[in-house]
Amino acid sequence: MPGKKFFSNKFTFGKFLVVLYLICFLVLIILPLLWMFSLSFRAPGTMNTIIPNGLQFDNYQRAIKLADERDYPISQMYKNSIITTFFSVGITLIISSLAAYAFSKLKFKGSKAIFYLVLIAMVIPVQIFLIPIFIFSKYTGLLNSYIGLILPYIAFGMSLGIFIFKGFFDQIPKELSEAAKIDGASEFQTFLRIILPISKPAISTVIIFLFLQNWNEFILALVLLSKTNLYTVPVALSKFVGEFYFPWELYAATVFLTAIPIMIVFFIFQNWFIKGLTAGAIKG
Amino acid sequence: MKLEQRKIYPFLYIAPVLILFAVYIFYPTIFSIVISLLKWDGFSSLSKASFIWFDNYKNLIKDDVFWLALKNTFIFVGGCLVFQNLFGLTLALTLFYVKIRGGKVWRAIIFFPAILSSVIVGLIWKLILSNTGFLNQTLSAIGLSSLNRVWLGNQLTPIFCIIFVNVWQWSGYNMVIYYAGLQSIPDDLIEAAKLDGASWPKLILKIIMPLLGGVASIAMVLNIIGGFKVFDLVYVLTRGGPAHFSEVLTTYIFFHAFDVNGSNLLSYASAIAIVLTIISFVFAVIRIRMTRTVEY
């Protein structure tokens with residue numbers, strides 16, 4: 001719980017300063033978002049005032065229409081993002097939990113070396129692999145396809161998955177899986193029926209981390225996709241809003257059309273998000 | 001012999017990972033090194049490319065923009081490291097030890113920018129920092145119009161604006177990491193020190209900070225690694241411009257490899273990528289060693 005009782009409830013100058021600092025920071029976070037939000041309700045040509053004069057509610061409809069006209073339909077970019085994120089996160093979960101199980105419970109030669117090798121992918125900038133991946137995708141026909149984006153997303157997400165799962169599996173006492181095996185369960189059944197069901201905290205950490213990573217991923221999608229009907233949300237936004245001349249009120253409305261859903265999800269599940277992302281950062 | 005007892009059995013579990021690792025991480029690393037020794041545009045057939053060995057690297061040394069990008073990268077990493085940790089730590093201390101109504105909501109709001117994509121954050125700030133944007137409007141309104149400038153369109157301010165926006169986005173993330181660190185400090189330790197009459201500054205410096213060491217080093221390395229990775233924000237805000245003044249290594253790689261105005265020399269871009277690899281590899285190793293030693 002925020003706010004331990006170590007600081008007395010009495011008014012002190014120190015507390016006043018500290019709270020002032022916090023308020024300044026809050027304002028700094030909220031104000032830019034608020035200004036942008038207010039832009040999205042303004043009438044054309046009224047941008048040069050700080051306080052809005054009058055409200056216009058159909059900017060959002062106009063933004064959707066404009067995106068359609070310029071061949072960047074917002075529903076299509078959402079569809080692309082949902083497909084790539086869903087499959088990449090799902091498959092990463094499966095293969096990284098399997099691999100982590102092997103690294104944690106099945107001792108084999110070279111397991112440590114392979115484990116650390118895989119981990120390196122977690123921390124090296126993706127730009128290093130970008131050019132070869134582009135060439136490889138070009139020659140294999142994977143450019144401009146969902147699968148061509150999903151595969152590298154899995155490759156760059158699995159290290160984190162493996163790391164978090166291994167950390168979790170290592171803490172599960174041996175007796176649990178041994179008991180299952182005495183009852184006649186195979187290794188794979190033990191993994192599936194005993195280990196996985198008690199690994200929910202690890203699973204949710206991996207999901208939340210990879211969901212954000214892949215949903216927000218930009219540079220791979222920018223390089224590997226060149227057909228507008230395949231663009232994910234960040235790429236479409238950068239091409240559509242970032243590159244054309246754009247009326248500000250529609251610029252703001254388009255940005256919020258892509259930000260509001262994730263905002264709502266965040267504020268509903270905020271504890272889950274913060275817990276998962278903190279655990280992912282500290283443990284992974 | 002049962003499958004489970006065979007030596008190959010564990011490899012069935014890691015096979016998908018190994019295949020993807022080979023295709024998307026191992027092969028690209030080797031291939032990058034090879035391309036960086038060639039003269040090749042990436043469009044003509046690879047068999048026509050010729051080995052020029054270290055000429056790409058020699059050209060890099062003579063390339064002023066490369067040095068500028070390297071300098072900007074280090075300024076960016078340093079700036080973000082200092083301010084994100086400073087704000088992260090102080091915000092965490094405030095929210096954890098001072099009883100404030102609605103503390104949880106405040107924490108969520110400050111954290112919120114971290115879940116937005118850098119593209120969205122970049123687009124929001126691009127408008128704020130633009131010529132007639134919110135910043136210049138505000139400066140004019142409070143009578144400081146002499147400070148008005150094209151924030152992203154001159155030689156000096158763009159890289160600092162980019163640092164500022166990055167700090168805006170990620171301070172909250174650092175805050176929750178430090179917050180988790182504070183939660184693991186036993187309450188009685190603080191109570192005991194308070195009973196002994198320790199003042200708050202003393203308490204923070206002598207007791208809390210040393211106990212936060214592990215978390216602090218994780219936060220720092222995360223910021224450093226994130227700093228070397230920065231691309232989206234720079235790309236959206238300035239494209240490395242104007243005239244390369246806000247270029248960082250990642251955007252400079254992109255410029256040479258994929259930008260229509262660039263050289264389209266994939267081999268040269270690969271040489272820059274190798275330099276970036278070497279720099280970030282050091283921190284990658286530190287990061288991995290750290291996760292081995294710190295237990296939570």
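The values are calculated or read from the model by the stated rules, or taken from the named source; none is laboratory data. Everything numeric in this text was worked out from a predicted model, so none of it was measured. Virtual Cβ from ideal backbone geometry, glycine too; neighbours counted across all protein chains shown.
A few notes on this one:
- The lone exception for B:Met1 - which of (1) modelled with pLDDT of 90 or more; (2) outside any helix (DSSP H, G or I) it fails: (1)
- Pair list, Cβ under 7 Å, 6 or more apart: the range A:249-263 residue within 11 Å of chain B (Cβ to nearest Cβ), other residue among the small types (Gly, Ala, Ser) and in a helix (DSSP H, G or I): A:Thr254/A:Ala63; A:Thr254/A:Ala67; A:Leu257/A:Ala63
- Among the residues of the range A:225-248, just one is more than 9 Å from every other protein chain (Cβ to nearest Cβ), small (Gly, Ala, Ser) and not in a loop (DSSP other than H, G, I, E, B), namely A:Ala236.
- Which numbered condition A:Lys138 fails, given (1) in contact with a Ser or Thr (Cβ under 9 Å, 6 or more places away or on another chain); (2) surrounded by fewer than 22 Cβ atoms within 10 Å (Cβ to Cβ): (1)
- Subset of the range B:130-155 (residues that are of a type in the set (A, V, I, L, M) and in contact (Cβ under 8 Å) with a residue 60 or more places away in the chain): B:Leu152
- Selection of the range B:1-22 for residues being within 28 Å of the chain's Cα centre (by Cα) and either in contact (Cβ under 8 Å) with a residue 24 or more places away in the chain or within 7 Å of chain A (Cβ to nearest Cβ) (or both) yields B:Val17, B:Leu20, B:Phe21.
- Filtered by the rule that a residue be farther than 16 Å from B:Val119 by Cα and of a type in the set (Gly, Ala, Ser), the range B:228-262 gives B:Gly241, B:Ala243, B:Ser246, B:Ala257, B:Gly262.
- Filtered residues of the range B:132-144 (kept if out of contact with any helix residue (DSSP H, G or I) (no Cβ under 6 Å at 6 or more places or on another chain) and either surrounded by 12 or more Cβ atoms within 10 Å (Cβ to Cβ) or assigned to a helix (DSSP H, G or I) (or both)): B:Thr132, B:Asn136, B:Gln137, B:Thr138, B:Ser140, B:Ala141
- Any hit, the range B:258-274, residues being within 30 Å of B:Arg107 (Cβ to Cβ), outside any loop (DSSP other than H, G, I, E, B), at pLDDT 90 or above and of a type in the set (Gly, Ala, Ser): no
- Within the range B:172-189, residues that are more than 18 Å from A:Val27 (Cα to Cα) and facing chain A (nearest Cβ under 10 Å) have Cβ atoms under 7 Å from residues that are surrounded by 13 or more Cβ atoms within 10 Å (Cβ to Cβ) and hydroxyl-bearing (Ser, Thr, Tyr) in these pairs: B:Val176/A:Thr278; B:Ile177/A:Thr278; B:Ala180/A:Thr278, counting only partners at least 6 apart in sequence or on another chain.
- Any chance B:Phe228 is within 11 Å of chain A (Cβ to nearest Cβ), over 30 Å from B:Ser47 (Cβ atoms) and within 21 Å of the chain's Cα centre (by Cα): yes
- Counting only helices (runs of 4 or more DSSP H) that sit wholly inside the range A:29-140, those with at least 1 residues that are within 9 Å of chain B (Cβ to nearest Cβ) are A:74-105, A:111-123, A:127-140.
- Matching residues, the range B:36-50, being at pLDDT below 85 and touching a strand residue (DSSP E or B) at 6+ places or on another chain (Cβ under 9 Å): B:Trp40, B:Leu46, B:Ala49, B:Ser50
- Residue in the range B:183-194 that is under 30 Å from B:Leu233 (Cβ atoms) and either of a type in the set (Asp, Glu) or not in a loop (DSSP other than H, G, I, E, B) (or both) present: no
- Residue in the range B:208-215 that is among the aliphatic types (A, V, I, L, M), over 23 Å from B:Phe26 (Cα atoms) and either within 10 Å of chain A (Cβ to nearest Cβ) or without any contact (Cβ under 8 Å) to a residue 24 or more places away in the chain (or both) present: yes
- Residue among B:Phe96, B:Phe112 that is part of a helix (DSSP H, G or I) and within 28 Å of A:Thr254 (Cβ to Cβ): B:Phe112
- Scanning the range B:104-117 for residues that are more than 7 Å from chain A (Cβ to nearest Cβ) and touching a residue at least 12 places away in the same chain (Cβ under 8 Å) gives a single hit, B:Ala114.
- In the range A:222-246, the residues that are among the aliphatic types (A, V, I, L, M) and under 14 Å from the mean Cα position of the chain (by Cα): A:Val233
- Residues within the range B:103-126 that are touching a Pro at 6+ places or on another chain (Cβ under 9 Å) and farther than 14 Å from B:Ser171 by Cβ, tallied: 8
- Identity of the residue in the range B:1-39, small (Gly, Ala, Ser) and surrounded by 15 or more Cβ atoms within 10 Å (Cβ to Cβ), that ends up farthest from A:Leu117 (Cα to Cα): B:Ser36
The rows are residues; the columns are (1) among the polar types (S, T, N, Q); (2) surrounded by fewer than 24 Cβ atoms within 10 Å (Cβ to Cβ).
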residue	(1), (2)
B:Val221	no, yes
B:Val236	no, no
B:Gly240	no, no
B:Ser246	yes, no
B:Val260	no, yes
B:Ser263	yes, yes
B:Leu266	no, no
B:Ala269	no, no
B:Ile272	no, no
